[in-house]
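Scroll down for the structure; my scribbles are underneath it.
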Amino acid sequence: MASRVNPTRMELLRSKKRSTLAKKGHKLLKDKRDGLMQEFMKIVREARQLRDQVDAKLAEAMQHFVLAQSTMLPEAVALVRRLKPYGIELSVAEKNVMGVRIPEFDITLTETDEKYSNWETSVELDAAMKLFRDLLPLLLKLASIEKAAELLAQEIERTRRRVNALEYVLIPQLKDTIKYIRMKLDEQERSAIITSMALKEKLD
């Protein structure tokens, strides 16, 4: 690349300016990458803790639900499965994490008129339904966190590629170009001095 550059002082100044900007950009991108990595690790830890909590609650809810099914009439189980005791309203917002838009879900549960009779069901079903209701916001939060981790991972990879492109391609190329131009300018200066001295000798 350096050999195709016109070795002039103007080109030398231009290459120096580009090199300075590339180094500044490289530092900013490295700082961004490191910040994203810290945020990513924080979110991954949060997701792991929440996943354990969700798994534990889900297992408990399923245990109560299976026990409820075993003590209820099949008709009552079928009726409960068709009921929709809660209406669900979902809203989505966004927050900005170092240039990455992260979705945040919020849910509102409202009771409906569809209820089951206590005499047709069991306390196990009540416990299961309460756990399932409590699980829904946690599941949405987990979905939001895991989506955030996915988006941050994508941005980290993009930033890493840009950092590497600057560090291993552009900055070395500009360094070689500057070195090449300086060498050529030095050669031209030496050649001009030699020519000047030769002309002076002839004139003397």
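Summary of computed values
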read-out	value
Verdict on E39 being acidic (D, E) and more than 19 Å from T159 (Cα to Cα)	no
Among residues of the stretch 49-85, those that are at pLDDT 85 or above, over 15 Å from L135 (Cβ atoms) and buried (at least 16 other Cβ atoms within 10 Å of the Cβ), counted	1
Residue ID - nearest to A149 (Cα to Cα), chosen from residues in the stretch 61-76 that are in contact with a helix residue (DSSP H, G or I) (Cβ under 6 Å, 6 or more places away or on another chain) and in contact (Cβ under 8 Å) with a residue 24 or more places away in the chain	A61
Candidates D134, D106 - the one that is more than 27 Å from A22 (Cβ to Cβ) and out of contact with any Leu (no Cβ under 8 Å at 6 or more places or on another chain)	D134
Cβ pairs under 8 Å, 6+ apart, first in the stretch 137-157 and over 13 Å from V44 (Cβ atoms), second part of a helix (DSSP H, G or I) and of a type outside the set (S, T, N, Q)	L138/L50; L138/V54; L138/K57; L139/V54; K141/L50; E155/L36
The stretch 172-204 - residue that is at pLDDT below 80 and of a type in the set (K, R) and, of those, nearest to L12 (Cα to Cα)	K200
Residue in the stretch 21-38 that is touching a Lys or Arg at 6+ places or on another chain (Cβ under 6 Å) and in a loop (DSSP other than H, G, I, E, B) present	no
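The values are calculated or read from the model by the stated rules, or taken from the named source; none is laboratory data. Values in this document were obtained by computation on a predicted structure and should not be read as measured data. Ideal geometry is used to build each Cβ from the backbone, glycine not excepted, and the neighbour counts take in all protein chains shown.
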